[in-house]
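J.: Below you'll find the structure I mean.
No value in this document is a laboratory result; all are computed from the given coordinates. Keep in mind it's a predicted model, so treat the numbers as computed, not measured. Note: ideal-geometry Cβ built from the backbone for every residue, glycine included; neighbour counts use all protein chains shown.
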Amino acid sequence: MRKGAAANPCNYKTGRRRSSSNTGGQFHPNKGFWGFMWRLVMWTVILESLGNALHQKILENNFIIVRKKDLVWRRTDSERFYAEHKERFFYQRLVEFMSSGPMRAYILAREDAISYWRELMGPTKVFRAWYTSPRTIRALYGLTDTRNTTHGSDSSESAEKEIAFFFPEFSIQHWLETEEPCFRAGHLEYDEERQIHTALKHI
């Protein structure tokens, strides 16, 4: 048990287990906790259709959706997020693209979530993805190396920073103490309206 964590935050009875068909796989908090976002610039109908397809792909690949948020960046937000790339040749193009329309951010969890998601995304270069990983997200939906549909945290450290950037109201420690034990035990369900997984704390 983690220091300071409640003995049974889910308040469930032994032997009674409820879960959704879209619960995802088992995961370890140090391996499976991370954030990512995707960005699309298309007409509203296409945006909604493609967004739904990608959301379904997340569920089909056994990810637990901890949080989800739709948002639009100002240019200053984009500049701040990509500050480490300021001297790179693609910086201005990336900043302009990422602040040109709506995007969706997720916090996902599952065992080895980072490596699984990066494999599902495919290579950064769309042309390479077409030929080497044709069933990945970037091969299926990416347009160019800049407009390649998805971003994924590359380490636990970057995940924590990116989660704080996109979800400043979210506490990783609080989630680990109050919701993660329920998820690990399989006491969760998929909320169709909010499109996230929620812990069943009273069973």
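J.: Given H placed on each backbone N at 1.01 Å, which residues far from residue 196 in sequence or on other chains put an amide H within less than 5 Å of it?
T.: Sorted by chain and number, the residues that satisfy this are 191.
J.: Then there is this: Taking a ≥ b ≥ c as the square roots of the eigenvalues of the Cα gyration tensor of the stretch 55-158, is the shape rounded (a/c under 1.5), prolate (a/b larger than b/c) or oblate? Walk me through the numbers before you get to the answer.
T.: On the way: a/c = 1.71, a/b = 1.25, b/c = 1.37.
Oblate is the answer for the stretch 55-158, as a/c is 1.5 or above yet b/c matches or exceeds a/b.
J.: Then there is this: If one computes the Cα centroid of the stretch 139-163 and of the stretch 50-93, what distance in Å separates the two points?
T.: Value for the Cα centre distance between the two parts: 6 Å.
J.: Tell me the GluC sites (Glu not before Pro) within the stretch 168-203 that lie in a loop according to DSSP and have at most 11 other beta-carbon atoms within 10 Å. Walk me through the intermediate numbers first.
T.: Values: sites: 169, 177, 179, 189, 192, 193; in loops: 169, 179, 192, 193.
Those that pass, being in a loop and sparsely packed, are 169, 192, 193.
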